[in-house]
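Notes follow the structure.
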Amino acid sequence: QVQLVESGGGLVQAGGSLTLSCAASGTIFSRDDMAWYRQTPGKQRELVALITSDGLTNYAEYVKGRFTISRDNAKDTVSLQMNSLKPEDTAVYYCQCREEQGRWGTLEYWGQGTQVTISS
């Protein structure tokens, strides 16, 4: 029932900026931790940024100072502002919802992914 719809991917030149958005439904969004991952062919999906239900953030070292994750609980959306983009940022970016179940653990849901391509 949980659905994550991503948007904002595209093609930009190195040094440019791009903002990804993810709209969540079917969950109590304000209680969920949200994250952005990315994946390239033949590579494990890797965490890019995380924002908890309390608004605490965590970033992969390679995006610190360039990417910003944020959330709007009134709109049930999480965004990833990407600046100073590099060709190595090229990947499919995925939105993840981590739904806390208390004593039963955590359920994880994924968006469909959106392609981000950075040209040299």
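Here, each number is a calculation from the coordinates, and none is a lab measurement. The model shown is predicted, which means the values in this text are computed figures rather than measured ones. Here the Cβ is made from the backbone with ideal geometry for all residues, glycine too, and neighbour counts use every protein chain on show.
Tabulated data for the structure shown
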quantity: Positive minus negative residues near Leu4 (Lys, Arg vs Asp, Glu; Cβ under 14 Å); calculated: -3
quantity: Candidates Val48, Val12, Val78: whichever shows maximal mean-square fluctuation once the chain is modelled as a Gaussian network with Cα springs under 10 Å; calculated: Val12
quantity: Set of lysines with alpha-carbon distance to Lys86 below 16 Å, sequence-local pairs under 8 removed; calculated: Lys64
quantity: Arg103-Lys64 pseudo-label distance in nm [points 7 Å out on the Cα-to-Cβ vector]; calculated: 3.9
quantity: Inverse of mean 1/r across different Cα pairs in segment 1-53, Kirkwood, Å; calculated: 13.2
quantity: Relative intensity, log₁₀ I(q)/I(0), of the chain from a Debye sum that treats every alpha carbon as a point, q = 0.09, 0.10, 0.19 Å⁻¹; calculated: -0.23, -0.28, -0.97
quantity: Whole-Å distance, taken between Cα centres, linking segment 29-49 and segment 64-92; calculated: 11
quantity: Choice from Ile51, Ile28, Ile69 showing the highest fluctuation, given a GNM over the chain with Cα pairs closer than 10 Å; calculated: Ile28
quantity: Residues Ile28 and Thr57, FRET efficiency given R0 of 22 Å [Cβ-Cβ distance, rounded to 0.05]; calculated: 0.65
